[in-house]
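A short write-up of the structure that comes next.
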Amino acid sequence: MNPLALTSFTATSCIGRGVAATLATLRERRTGLVPCAFETVTLDTWVGEVAGVDDAPLPARLHQFECRNNRLAHLGLVQDGLAEAVKRAAARYGRERVGVFLGTSTSGILETELAYRERDPVSGALPAHFRYRGAHNTFSLAAFAQQALELSGPAVVISCACSSSAKVFASARRAIEAGLIDAALVGGVDSLCLTTLYGFHSLQLVSRTPCRPFDVARDGISIGEAAAFALLERPGESLDANAVLLLGVGESSDAHNFHGTGTPSNDDAEARAVTGVLGNSIPGSSTKGATGHTLGAAGALEAVICALALQHALMPAGVNTTEVDPALSVHYLRDNRATPLARVMSNSFGFGGSNCSLIFGRAG
Amino acid sequence: MSAVAALAGYVDGIGLLGPGIGDWTAGARLLAGEAPWVRASTVLPAPECLPSAERRRTGTVVRLALAVGLEATARAGADPAALAAVFASSGGDGQNCHEICQVLASAERHLSPTRFHNSVHNAAAGYWGIATGATAASNALCAYDASFGAGLLEALTQVAVERTSVLLIAYDASYPEPLHLHRPIPDAFGVALVLAPAASAASQARLAASLTDAPADGMAEAALDGLRVSIPAARSLPLLAHLARRTSGSVALDYLDGMRLAVDVSACR
């Protein structure tokens, strides 16, 4: 495929708002997971909660989109000059030539969950402040982003569980390749809610401790939330050597970002798949010990972490993993490794068998 | 706004299911003006394609998606296991969502694992994989009322760029109260198209899609136009009318606010 440049990118998660904070936490090998004190959740679990999401409402002109998911999206969009970069692209190519491809699994479902606690005792009706289109509906994230950034091109939300915001890269690059658009805002946002916390709990997939991907004692995921975005466009004439490119699927790779959720079966299946195709000489790690599993945002968050790895010559360690399961014959990093990287593969696998692997590389 | 580069594909097979519309044969007669529309609730077949344990777990939207997907692939003579697929729905499983929210609002909060599995937007894609053994890539997307347009764009983009056949399944079902008031979709409606990069004996028409600011076309019959605007997947009706009549022409389909999808239809036979 023709490479595309990530000309701007940003990530906000429990390990920081924006790329500088994210990189600092990765360098320090810290986790952002905390014991769950979210809303009225009484589960014994750790979560990757982004602090301050509810501190301020959305700007007044975007009030119809008010919900935690879109507040987190807004928090993410204003970091690292991403919103400005998108607006420059719109000015350069035309508003209708910048597409929006975003992933989410939760959208604003939290607001619906809360609204069900306020049903009219006689009619059963939801409270008047309930917003279906702007909050609940799966598309609201993309509609919010279009409105916030004043874009008027094609837009879509891809919702394939945990591969959602990796697959948006694939859809966007096809749309650019086909000439439908010249640039794309890609990314994903998922936020804490009762459905995912109680849902994964019902499947007995949630750990009571901070998750430990690929660890011999791994016993489940920690749920996190995140907003991560990138601006994709065709590479310009002169590219900085440190520019990050989406290369698609390649045959060689310097490092892996494992999906590595921390469940016994995911990590086992992933290890066999990866080593079956690529052998076990390529080192890799999962960052979910630091950020938790951010579900619909995982693909995009981890894509941004891969971009940081490439730009800063850093293979981030798998945090929380104390003893790599010897049954998994992968080359798993438990310490940060400083080394120039040319290529990184990122894996995202979701419920329903939706899988996506992305290859990123440096231009130079 | 000028039209951009066209995205093209050949329609090799069609599946349809809606209120008073049992399959594409019935739908084509209706849209060709050969039979009146007799309104009735959408009848969803039990998914025989699934093992009995999975069959029991499926809700309306999964049965809808499977039914139209299987009809389209059968009519196209295509192997469903070999097709990449695009699933486009404006809302997923509303009944399941309601049940989950009720449980979470109660004191117990004991969510059933099956309900949680079925709450993902791509549940239908997952069951499609189980039913057909398909391992090719699938996508599940949402664009609110523009979901059919977004699905058609994604499918035709894949056909154009990957040079591969793609199955598009667009489907919507109604929400129970108290959500229904806020999203009043009246009934289930699903449509499926097998889209191919090159013409074959199965091909019925060539479609070429682009973006336009022309206004959306309506249906001549008021009742059918009411159907078109009340269920997002039924925004496809003007296109289906051409396919039913085997005519060539251009239609503008509702897409996002301020933008429509222009589809040029060239009948093959």
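Buried area at the B:A interface is about 4200 square angstrom, summed over both chains, from accessible surfaces computed with a 1.4 angstrom probe.
Comparing Cα centroids, region B:136-178 and region A:307-331 end up 36 angstrom apart. Projecting the Cα positions of A:His293, A:Phe360, A:Ala303 onto the charge dipole of region A:274-364 (unit charges on Cβ atoms of Lys, Arg, Asp and Glu, taken about the Cα centre) puts A:Phe360 furthest along the positive direction. Dipole magnitude for chain A: about 520 debye, using +1 per Lys or Arg Cβ and -1 per Asp or Glu Cβ, origin at the Cα centre.
Mean separation of Cα pairs under 8 Å and 6 or more residues apart, divided by the residue count, gives region B:100-148 a relative contact order of 24 percent. Region A:276-291 and region A:39-110 have Cα centres spaced 29 Å apart. Based on Cα contacts under 8 Å between residues 6+ apart, chain A shows a relative contact order of 23 percent. The distance between label points at A:Arg29 and A:Ala51 comes to 2.3 nm (points 7 Å beyond Cα on the Cα→Cβ vector). Relative to the isolated chain, which residues of region B:92-113 have their accessible area cut by 20 Å² or more in the presence of all protein chains (1.4 Å probe, heavy atoms, no ligands or nucleic acids)? Buried on complex formation: B:Cys97, B:Cys101, B:Gln102, B:Leu104, B:Ala105, B:Arg109, B:Leu111, B:Pro113. What the Cβ-Cβ distance of A:Arg92 and B:Ser250 gives, at R0 = 22 Å and to the nearest 0.05, is a FRET efficiency of 0.10.
Could you give the alpha-carbon Rg of region B:1-139 over 2.2 N^0.38 Å, rounded to two decimals?
Expressed relative to 2.2 N^0.38 Å, the Cα Rg reads 1.23.
Taking the three principal axes of the alpha carbon atoms in region A:1-102, the coordinate ranges are 49, 37, 24 Å, sorted in descending order. A:Arg337 to B:Glu48: FRET efficiency via 1/(1 + (r/R0)^6), r the Cβ-Cβ distance, R0 56 Å, to the nearest 0.05? With a Förster radius of 56 Å, E is 0.55.
Only helical runs count toward this figure. For chain A, summing -39,500 (n - 2.57) over DSSP H runs of n ≥ 4 and dividing by all residues gives -8500 deg cm²/dmol at 222 nm.
Taken along its three principal axes, the alpha carbon spread of region A:91-144 comes to 55, 20, 11 Å, from the longest extent down to the shortest. Peptide A:157-165 is shielded by partner chain Cβ atoms: per residue, an average of 6 of them sit within 10 Å of its Cβ. Of the residues B:Met259, A:Met1, ranked by 1.4 Å probe accessible area with the largest first, the sequence reads A:Met1, B:Met259. Roughly how far apart, in whole Å, are the Cα centres of region A:111-138 and region B:13-38? If we compute the Cα centre of each part, the gap is 36 Å.
Would you calculate, for chain B, the mean residue ellipticity at 222 nm contributed by helices, counting each DSSP H stretch of 4 or more residues as -39,500 (n - 2.57) and dividing by all residues, to the nearest 500?
The helix contribution divided over chain B gives -10000 deg cm²/dmol.
Diffusion of chain B by Stokes-Einstein, at 4 °C in a medium of 1.567 mPa s and with Rh set to the Kirkwood radius over alpha-carbon pairs, works out to 70 µm²/s. Once the Cα-Cα distance is subtracted from the 0.36 nm per residue extended length, the B:Ser200 to B:Ser41 segment shows a gain of 53.7 nm.
Solvent-accessible area assigned to carbon and sulfur over region A:31-88 amounts to 56 percent, based on a 1.4 Å probe. Given axes a ≥ b ≥ c from the Cα gyration tensor, I'd like to know whether region A:142-188 is rounded (a/c under 1.5), prolate (a/b larger than b/c) or oblate. Oblate, because a/c is 1.5 or more while a/b does not exceed b/c. Only the Cβ atoms of Lys and Arg (+1) and of Asp and Glu (-1) were treated as charged; on that basis the dipole of the protein assembly as shown about its Cα centre amounts to roughly 500 debye. Taking only alpha carbon atoms, the protein assembly as shown gives an Rg to Rh ratio of 0.95, where Rh is the Kirkwood radius. For chain A, the alpha-carbon radius of gyration amounts to 0.94 times the rule-of-thumb value 2.2 N^0.38 Å expected for a compact globular protein. Note on region A:112-203: Cα convex hull, mean projected area over all directions, 7.9 nm².
The values are calculated or read from the model by the stated rules, or taken from the named source; none is laboratory data. Please read these numbers as outputs of a predicted model, since none were measured by experiment. Cβ: placed from backbone, ideal geometry, glycine included. Neighbour counts: every protein chain shown. Only protein heavy atoms, including side chains, enter the accessible area calculation; ligands, DNA and RNA are left aside. Shrake-Rupley method; radii C 1.70, N 1.55, O 1.52, S 1.80 Å.
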